[in-house]
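S.K.: Let me give you the structure first, and then I'll get to my questions.
The values are calculated or read from the model by the stated rules, or taken from the named source; none is laboratory data. Computed from a prediction, not measured in an experiment: that's the story for all the values here. All Cβ positions, even for glycine, are placed from backbone atoms using ideal geometry, and neighbour counts span all protein chains on display. Calculation scope for accessible area: heavy atoms of the full protein, side chains included, ligands and nucleic acids excluded. Shrake-Rupley method; radii C 1.70, N 1.55, O 1.52, S 1.80 Å.
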Amino acid sequence: MTQLAVLEGVLERITYANEENGYTVARVDTGRGGGDLLTVVGALLGAQVGESLRMEGRWGSHPQYGRQFTVENYTTVLPATVQGIRRYLGSGLIKGIGPKTAERIVDHFGVQTLDVIEEDPKKLVAVPGLGPKRTALIASAWEEQKAIKEVMVFLQGVEVSTSIAVRIYKKYGDASISVVKNQPYRLAADVWGIGFLTADRIARAVGIPHDSPERVKAGLQYALSQATDQGHCYLPEERLISDAVKLLQVDTGLVIDCLGELAGEPEGVVRERVPDPEAAEGSGERVTAVYLVPFHRAELSLAGQVRRLLGAPEDRLAAFADVDWEKALAWLAERTGAALAEEQEQAVRLALTERVAVLTGGPGCGKSFTVRSVVELARAKRAKVVLAAPTGRAAKRLAELTGAEASTVHRLLELKPGGDAAYDRDRPLDADLVVVDEASMLDLLLANKLVKAVAPGAHLLLVGDVDQLPSVGAGEVLRDLLAPGGPVPAVRLTKIFRQAQQSGVVTNAHRINSGVPPVTSGMSDFFLFVEDDTEEAGRLTVDVAARRVPARFGLDPRRDVQVLTPMHRGPAGAGVLNGLLQQAVTPAAPGLAEKRFGGRVFRVGDKVTQIRNNYDKGANGVFNGTVGVVTSLDLDDQKLTVRTDEDEEVPYEFAELDELAHAYAVTIHRSQGSEYPCVVVPVTTSAWMMLQRNLLYTAVTRAKRLVVLVGSRRALGQAVRNVSAGRRCTALDARLAGAIAP
């Protein structure tokens, strides 16, 4: 094997950095003079602009970029020149020091600057504009950076990204290296952004054997958590074993033994015989379901809580047990200015006389008016009514509709770090009636927390469209509550009101839901731009959303128009479209602050979305799917601020930017519970596997005024024909129906 070449130089510029694997393209100054910079590529994990690097690697040539150096490993040397120190400190490495502050510090201390920060940071107070508070911040940021650097150097050999190395350090502090060396599989459970595959790579690098039981158990739990990400509450045992054998490349016998051990551990897995979801109804066939403990607990608990509410002897809306309905409904019609249709009347009675009820139905069938009627009547009897929805946008809409305050379910329950709620069975909500809109979005874990917090005797009304996509999280709660033979009473609204029949959006949503292609010509609010080529369809989608629709309909491209895509990847996927839409709607401009993070650039004015639940952010946590706009970006404090759609200003440190993604285009799954004046949907053959009826139906029903489809008729036909294959693995319906002993 040829010996590695050595190259020394100062890191001048990072052209590209992949946060996932640390792969970096950078330019270095080798000091040859003439201002010539050399391209280096490779795992420059954690290297900062301004640092002097000693790199080992190989010389090569790139057809487009010419001579370049591929780095295999490197060490850093602190810069020794005033210019190097200025670049180093001004690179954003140390919180509290931006380019201007760096200049002031270096002007004051010259080549002694780094020694001062290291040995006697109190002296920084002498620099104009730096007070004791800022000085203390810089000193602690310097110490943290040194410790993170040590962890990064250790993790360099296993290609863990900079942001993950920072997170490992924040989680374990000085114990980081010890945990990584001795318990690498803990990382997958403890640190967001590290899955089993990354932990497995680290474990391999620190010498944990391929067939270690610790590895196999971690792999089994990973396979189950992957299944919950796909919406399943459990996996049939046989399927789990075959998935794990494939993932781990070990003997089936070893997997079976380790599964047996896991089933005996308190935080391992639970095995239980449940009705086979694949078998014919009434066949009595069963499978062994394997659950992660929290999902088994939640399913048991939710079924028990629903039955508890249904059977509660007390009734906090007892006034409706013997009400004169004719009189009450006449009063209501006078108050609202419209009489209820028969189905709506039935739903109103149900909500006010049954402890738990479900109201479902498609757009234009009067769900909203029915909810308003329930709330009006309950308030007329001085009942305490609490309104909630899974997303900020849906809660806002519910508040506008009823004229009462509404909040997200997370805020209603005051969820705390770790996911515990302030309200639960021991401290229930002070409410006689709890109404939850967009209930198709409730996943098993959130639904369990919600139902637990409803007081015995109070009424719970769940409202949602069961034909939409199921929740992003595990479970199919609304569908399971509506399952035949279950104990929960429900009304399905089917009649489309005359006013709604004039809307192309509403009529086409119902056509799609019935398996009939939408009408795409002669409509004033529903259009199809035919484009068979996927890349062209992507470009056309951007043109329609950023220019054509705003010009013709007077809509704001950032606030009023939302691109919804079936998938994230591909030329017409959310990833590519976000880049193109950002260029069109929020382009780079002189004086407009921006921050590059991995492959993305964040600017003031960007539309962004949170991509994980973070209970530590904001007043009561910021949750997956929350959308907002970047309102400020501070390069000195290394923070940007997002104003969310719940009107909360939430700060993000630059190290947390992997929690944010651009939201000019979002996947249809992520758009659930939101409503937009206009949606633009690319429907292309490249998303063939994703094209399903409930996906297209969900996209169309997100629009209040206008739908524009862009793509091929063939792809549209496939989406309308293709009914989603296979139910999610959940046994909530069986538990509610009493088919599994509690």
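S.K.: How many nm is it between the label spots at Val111 and Glu594, if each spot is 7 Å from the Cα in line with the beta carbon?
M.R.: Each label point lies 7 Å from its Cα, and together they span 3.8 nm.
S.K.: Still on this structure, please answer the following. For the stretch 291-297, in order, what is each residue's ³J(HN,Hα) by Karplus, 6.51 cos²θ - 1.76 cosθ + 1.60 with θ = phi - 60°, in whole Hz (x at glycine and Pro)?
M.R.: Using θ = phi - 60°, the values come out as 10, 5, 3, x, 6, 5, 4 Hz.
S.K.: Going by amide H atoms built from the backbone, whose H comes under 5 Å of the H on Gly364, apart from near neighbours?
M.R.: none
S.K.: Among the trypsin sites (Lys or Arg not before Pro) within the stretch 499-606, which fall in a DSSP loop and have no more than 13 other Cβ atoms within 10 Å of their own Cβ? Intermediate results must be reported in sequence, preceding the final value.
M.R.: Details: sites: Arg511, Arg539, Arg547, Arg548, Arg552, Arg558, Arg559, Arg569, Lys595, Arg596, Arg600, Arg603; in loops: Arg558, Arg559, Arg569.
Sparse-neighbourhood loop trypsin sites (Lys or Arg not before Pro): Arg559, Arg569.
S.K.: Any chance you could tell me what percent of the C-alpha pair distances in the stretch 271-320 go past 15 Å? Mind dumping the intermediate values first?
M.R.: Values: 789 of 1225 pairs.
In whole percent, the long-distance tail amounts to 64.
S.K.: Follow-up. Restricting to Cα pairs below 8 Å that are 6+ residues apart, what does the relative contact order work out to for the stretch 152-274? Please round to a whole percent. The partial results should precede the final answer.
M.R.: Numbers: 99 pairs, mean separation 21.1, N = 123.
Taking the mean separation of contacting Cα pairs over the length of the stretch 152-274, I get 17 percent.
S.K.: Let me ask you something else. Where does the charge balance sit around Leu130 when Lys and Arg score +1, Asp and Glu -1, over other residues with C-beta under 13 Å from its C-beta?
M.R.: Neighbour charge sum, excluding Leu130 itself: +3.
S.K.: For the stretch 74-140, what is the relative contact order in percent, using Cα pairs closer than 8 Å and at least 6 residues apart in sequence?
M.R.: Working: 62 pairs, mean separation 17.5, N = 67.
Relative CO of the stretch 74-140 lands at 26 percent.
S.K.: Now a separate question. Residue by residue, what Karplus-based ³J(HN,Hα) values in Hz, rounded to whole numbers, does the stretch 484-496 have, using 6.51, -1.76 and 1.60 with θ = phi - 60° and x for Gly and Pro?
M.R.: Here the 3J(HN,Hα) series is x, x, x, x, 8, x, 8, 10, 10, 7, 10, 7, 7 Hz.
S.K.: Moving on to the next point. Of Leu732, Leu691, Val679, which is farthest on the positive side of the dipole of the stretch 599-741, counting Cα position, with +1 on Lys and Arg Cβ, -1 on Asp and Glu Cβ, and the Cα centre as origin?
M.R.: Comparing the listed Cα positions along the dipole, Leu691 ranks first.
S.K.: Please pull out the direction-averaged projected area of the stretch 258-398, using the convex hull of its alpha-carbon atoms, in nm² to one decimal place.
M.R.: Working: hull surface 53.4 nm².
Over all viewing directions, the stretch 258-398 projects a mean Cα-hull area of 13.3 nm².
S.K.: Excluding Asn614 itself, calculate the net charge of residues whose Cβ lies under 9 Å from the Cβ of Asn614, where each Lys or Arg counts +1 and each Asp or Glu counts -1. Display every interim value, and only then the final one.
M.R.: Values: positive: Arg612, Lys617; negative: Asp616, Glu656, Glu659.
Net local charge, Asn614 excluded: -1.
S.K.: Can I ask one more? So if each residue of separation counts as 0.36 nm, and I subtract the Cα-Cα distance between Thr288 and Ala175, what length gain in nm does that give? Please list the in-between numbers first.
M.R.: Working: separation 113, 0.36 × 113 = 40.68 nm, distance 3.98 nm.
Length gained between Thr288 and Ala175: 36.7 nm.
S.K.: Does anyone have the angle between helix 196-205 and the longest principal axis of the chain? Alpha-carbon axes, 0 to 90°, nearest 10?
M.R.: In the chain, helix 196-205 runs at an angle near 30 degrees to the longest axis.
S.K.: Moving on. Output the 0 to 90 degree angle, nearest 10, between the alpha-carbon long axis of helix 99-109 and the longest principal axis computed from the alpha carbons of the chain.
M.R.: Approximately 30 degrees, to the nearest 10.
S.K.: While we're looking at this one, here's another question. Grab the other residues whose beta carbon is less than 10 angstrom from that of Val323, score K and R as +1, D and E as -1, and report the net. Provide the component values of the computation, followed by the final result.
M.R.: Working: positive: Lys327, Arg349, Lys381; negative: Asp322, Asp324, Glu326.
Result for the local shell: 0.
S.K.: Let me ask something else about it. Report P(r) for the stretch 669-716: all Cα-Cα distances, bin width 10 Å, range 0 to the bin holding the largest distance, values in whole percent.
M.R.: Over the stretch 669-716, the share of Cα pairs per 10 Å bin runs 27, 57, 17 percent.
S.K.: Related question: Over the chain, what is the relative contact order in percent, taking alpha-carbon pairs closer than 8 angstrom and at least six residues apart?
M.R.: Relative contact order here is 11 percent.
S.K.: Compute, for the chain, the length of the dipole vector about the Cα centre, with Cβ point charges of +1 (Lys, Arg) and -1 (Asp, Glu) only. Units Debye, rounded to 20. If you can, show how the numbers build up before the last one.
M.R.: On the way: 86 positive and 91 negative charges, 271 e Å.
Charge dipole, the chain, about its Cα centre: 1300 debye, nearest 20.
S.K.: Calculate one ³J(HN,Hα) per residue across the stretch 690-700 by plugging θ = phi - 60° into the Karplus curve 6.51 cos²θ - 1.76 cosθ + 1.60, and present them in order as whole Hz with x for glycine and proline.
M.R.: 8, 6, 10, 4, 5, 5, 5, 4, 4, 4, 5
S.K.: Go ahead and run the numbers for FRET between Glu267 and Glu649, Cβ-Cβ distance against an R0 of 30 Å, rounding to 0.05. Walk me through the intermediate numbers first.
M.R.: Numbers: r = 37 Å, r/R0 = 1.24.
The value I calculate is 0.20.
S.K.: Could you give the size of the charge dipole of the stretch 145-290 about its Cα centre, using +1 on the Cβ of each K and R and -1 on the Cβ of each D and E, expressed in debye and rounded to the nearest 20?
M.R.: Value, rounded to 20: 920 debye.
S.K.: Express the accessible area of the chain per residue in Å², computed with a 1.4 Å probe while the remaining protein chains stay in the model. Walk me through the numbers on the way to the answer.
M.R.: Values: 32640 Å² over 742 residues.
About 44 Å² of surface per residue is accessible.
S.K.: How far is helix 213-229 tilted off the main Cα axis of the chain, in degrees rounded to 10, range 0 to 90?
M.R.: Around 50 degrees separate the two axes.
S.K.: If you average the alpha carbon positions of the stretch 85-122 and of the stretch 439-479, how far apart do those two centres end up, in angstrom?
M.R.: So the separation of the two Cα centres works out to 53 Å.
S.K.: Sticking with this one: For the stretch 315-413, what % of the accessible area comes from carbon and sulfur atoms, probe 1.4 Å? Walk me through the numbers on the way to the answer.
M.R.: Details: 1930 of 4300 Å².
The value for the stretch 315-413 is 45 percent carbon and sulfur by accessible area.
S.K.: Alpha carbons only, please: Rg and Dmax for the stretch 384-492, in angstrom.
M.R.: Using the Cα atoms of the stretch 384-492, the pair Rg, Dmax is 13.3, 38 Å.
S.K.: For the chain, what is the largest minus smallest coordinate of the Cα atoms on each principal axis, given in angstrom and ordered from greatest to least?
M.R.: Extents along the principal axes, in whole Å: 91, 64, 56.
S.K.: Now a separate question. Scan around Phe527 for amide H atoms under 5 Å from its own, H built in the peptide plane at 1.01 Å from N, and keep only partners 5 or more places away or cross-chain.
M.R.: Under 5 Å from the amide H of Phe527: Val707, Val708, Leu709.
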